[in-house]
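**Student:** Quick one: structure below, then a few questions.
The values are calculated or read from the model by the stated rules, or taken from the named source; none is laboratory data. All figures in this text were calculated on a predicted structure; none of them were measured in a lab. As a convention, Cβ positions derive from the backbone with ideal geometry for all residues, glycine included, and neighbour counts pool all protein chains shown. The protein model used for the area step is the full one, side chains on, heavy atoms only, and it has no ligands, DNA or RNA in it. Shrake-Rupley method; radii C 1.70, N 1.55, O 1.52, S 1.80 Å.
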Amino acid sequence: MSAPSLEAPRRVLAWRPGPVALAGAVAVALVIAGEIVSPGFAGYGQLVNLMRVAAFLGVIAIGQTIVIIAGGGGVDLSVGKVATFAAIIGSRVMAGEDGDLVPAVALALLVSAAIGLVNGLGVTLLRIPPFVMTLGMIGVVQGLILAYTGGRASGQAAPALTSLVNGRVIFDLPGLLFLWLLLGLLAVWLLRRTTFGWNLFAVGANRTAAELTGVRVNRTLILAYVLSATFAGLAGILLLGYTESVFLDLADQYMLPSVAAVVIGGTLLAGGVGGYAGTAVGAIVLTVLSGLLTTLDIGGAGRTVVNGVVLLVLLSLYGRQRRLRS
C-alpha cells in the first residue's frame, strides 16, 4: 500500500474533538442520564426551562470570556455582585412602570460600566493583580449596595421586562432565549471580526509582542473589564425580569460558575485561546448538571464534588488537545 493511501486513516486516528464538541457531548449525555433516572427530564418544556436558566449564566459569561482571553491571569470575580447591583438600581428606577424601563436599564448599565472601568484602571495603571482587584471590588460594590438600599432592597420589574424574559414567543420559547442568541452572535462577532477582538487575542497570547506590533494593551484591557461589567449588569437586569423583584444577593452565586463555563468551553485561563461559542455550551453543561443533581436530590456538598469532577475530567481531555496547548 502506497504512502498516500495511509494518509487518510492516519488523519482519522489523529483527529480529536474540540472543546465545544466535547462539552456538547457532555451536555447531551447529562440530558440522557436525566431522562433515564427521571422520565420527563428531557421533555420539551423541561429543556426550555433549563435553557432559560442557562441564559442568565451565559450572558454573564460573555464578559468573563472577554477578560479571560485577555490573559495575564485575568478574571472578573465581581460579575455576580455587579449584576446584583444593576438589578437593584433597575428595580428601584423602573418601579414596575414600563415608561421608566429604558432610563432604568441605561442607568444600571452605566453604573456597571463605571465599576468595570475602575477594575480596568486598577489592573492596568495600578498594576493590581486581576484576582485581587476584582475580589476587592466585591466588597466595594457590596458597600455601595448597602448605602443605596439602606439594607432593604425595593422596587419591581417593569411588565415589559417580565414579558421579555418569561413570555413565550415562537415554538413556546421565551424571548430571553432569542435575546441570548443575539448577544451570543454579537460576542462571536466582537471577538472574531473586529479590531478589538483581534487585539484581545494578541494581548492574551503575548502582551510584549502585542505592544511591539502597535496594540494599545492598556486600552484593550480596560475595555475588556468595562465590557465584562456591562454584560454582568445586563444579566442582572434580565434576572430582575425573571424574578420580578430583587434581593440583596440576587446574582452573587454566578461568580464562580461564570469562570467555570468559560473554562469548560475551552478558553485557556492563560489567555489568547478560546471563544464564546464554547462558553455558551459550558453554561448549558453546568445548568443541565445542576438540574440533574437537583432531580437526584443531591445536597450542596455533593453538588460541589460532582461539579469539580466534571470540570477536572473536561480539563484533562482539553489538556490532550495539541492545538489548545500550542
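**Student:** Residue check, TYR254 against (1) more than 11 Å from the chain's Cα centre (by Cα); (2) closer than 17 Å to VAL75 by Cα; (3) buried (at least 17 other Cβ atoms within 10 Å of the Cβ), all met but one. Which one?
**Tutor:** So the condition that TYR254 fails would be (1).
**Student:** Tell me yes or no: at least one residue of the stretch 62-79 is at positive phi, open to solvent by less than 40 Å² (accessible area, probe 1.4 Å) and not aliphatic (A, V, I, L, M).
**Tutor:** The first filter runs over the stretch 62-79 and keeps only residues at positive phi, leaving 71-73.
When the remaining residues are screened for being open to solvent by less than 40 Å² (accessible area, probe 1.4 Å), the result is 71.
From what is left, the residues that are not aliphatic (A, V, I, L, M) are 71.
Yes, that holds for at least one residue.
**Student:** Another question, if that's okay. Go through ARG152, ARG92 for me and flag whichever is without any contact (Cβ under 8 Å) to a residue 60 or more places away in the chain and open to solvent by 20 Å² or more (accessible area, probe 1.4 Å).
**Tutor:** Values: ARG92 fails: without any contact (Cβ under 8 Å) to a residue 60 or more places away in the chain.
Only one candidate qualifies: ARG152.
**Student:** Taking ALA147 as meeting all but one of (1) modelled with pLDDT of 90 or more; (2) under 24 Å from the mean Cα position of the chain (by Cα); (3) open to solvent by 80 Å² or more (accessible area, probe 1.4 Å), write down the number of the exception.
**Tutor:** (2)
**Student:** Can ALA86 be described as modelled with pLDDT of 95 or more and either open to solvent by less than 10 Å² (accessible area, probe 1.4 Å) or in a loop (DSSP other than H, G, I, E, B) (or both)?
**Tutor:** Numbers: modelled with pLDDT of 95 or more: yes; either open to solvent by less than 10 Å² (accessible area, probe 1.4 Å) or in a loop (DSSP other than H, G, I, E, B) (or both): yes.
Spelling it out, ALA86 is indeed modelled with pLDDT of 95 or more and either open to solvent by less than 10 Å² (accessible area, probe 1.4 Å) or in a loop (DSSP other than H, G, I, E, B) (or both).
**Student:** Mind listing whichever residues of the stretch 261-284 are open to solvent by 10 Å² or more (accessible area, probe 1.4 Å), among the hydrophobic types (A, V, I, L, M, F, W, C) and more than 9 Å from the chain's Cα centre (by Cα)?
**Tutor:** VAL263, LEU268, LEU269, ALA270, VAL273, ALA277, VAL281, ILE284
**Student:** For the stretch 299-309, how many residues meet the condition of being over 18 Å from TYR254 (Cα atoms) and either open to solvent by 50 Å² or more (accessible area, probe 1.4 Å) or assigned to a helix (DSSP H, G or I) (or both)? Show your work before the answer.
**Tutor:** Going residue by residue through the stretch 299-309, those that are over 18 Å from TYR254 (Cα atoms) are 299, 302, 309.
Then drop every residue that is not either open to solvent by 50 Å² or more (accessible area, probe 1.4 Å) or assigned to a helix (DSSP H, G or I) (or both), which leaves 302, 309.
Within the stretch 299-309, residues that are over 18 Å from TYR254 (Cα atoms) and either open to solvent by 50 Å² or more (accessible area, probe 1.4 Å) or assigned to a helix (DSSP H, G or I) (or both) number 2.
**Student:** Also, quick follow-up: Return the residues of the stretch 218-258 that are of a type in the set (Asp, Glu) and part of a helix (DSSP H, G or I); say none if nothing qualifies. Give the derivation first.
**Tutor:** Step one: list which residues in the stretch 218-258 are of a type in the set (Asp, Glu), which gives 244, 249, 252.
Scanning the stretch 218-258 gives a single hit, ASP252.
**Student:** Of the residues VAL165, VAL53, which single one is in contact (Cβ under 8 Å) with a residue 24 or more places away in the chain and in contact with a strand residue (DSSP E or B) (Cβ under 9 Å, 6 or more places away or on another chain)?
**Tutor:** Numbers: VAL53 fails: in contact with a strand residue (DSSP E or B) (Cβ under 9 Å, 6 or more places away or on another chain).
Within the list VAL165, VAL53, the selection yields VAL165.
**Student:** THR294 - would you say it is more than 24 Å from GLY197 (Cα to Cα), part of a helix (DSSP H, G or I) and open to solvent by 50 Å² or more (accessible area, probe 1.4 Å)?
**Tutor:** On the way: more than 24 Å from GLY197 (Cα to Cα): yes; part of a helix (DSSP H, G or I): yes; open to solvent by 50 Å² or more (accessible area, probe 1.4 Å): yes.
Answer is yes for this residue.
**Student:** Of the numbered conditions (1) small (Gly, Ala, Ser); (2) surrounded by fewer than 21 Cβ atoms within 10 Å (Cβ to Cβ); (3) in a helix (DSSP H, G or I), GLY214 satisfies every one except a single condition; which is it?
**Tutor:** With respect to (1) small (Gly, Ala, Ser); (2) surrounded by fewer than 21 Cβ atoms within 10 Å (Cβ to Cβ); (3) in a helix (DSSP H, G or I), GLY214 is out only on (3).
**Student:** Further question: Restricting to the stretch 19-44, count the residues that are open to solvent by 30 Å² or more (accessible area, probe 1.4 Å) and touching a Gly at 6+ places or on another chain (Cβ under 7 Å).
**Tutor:** 2
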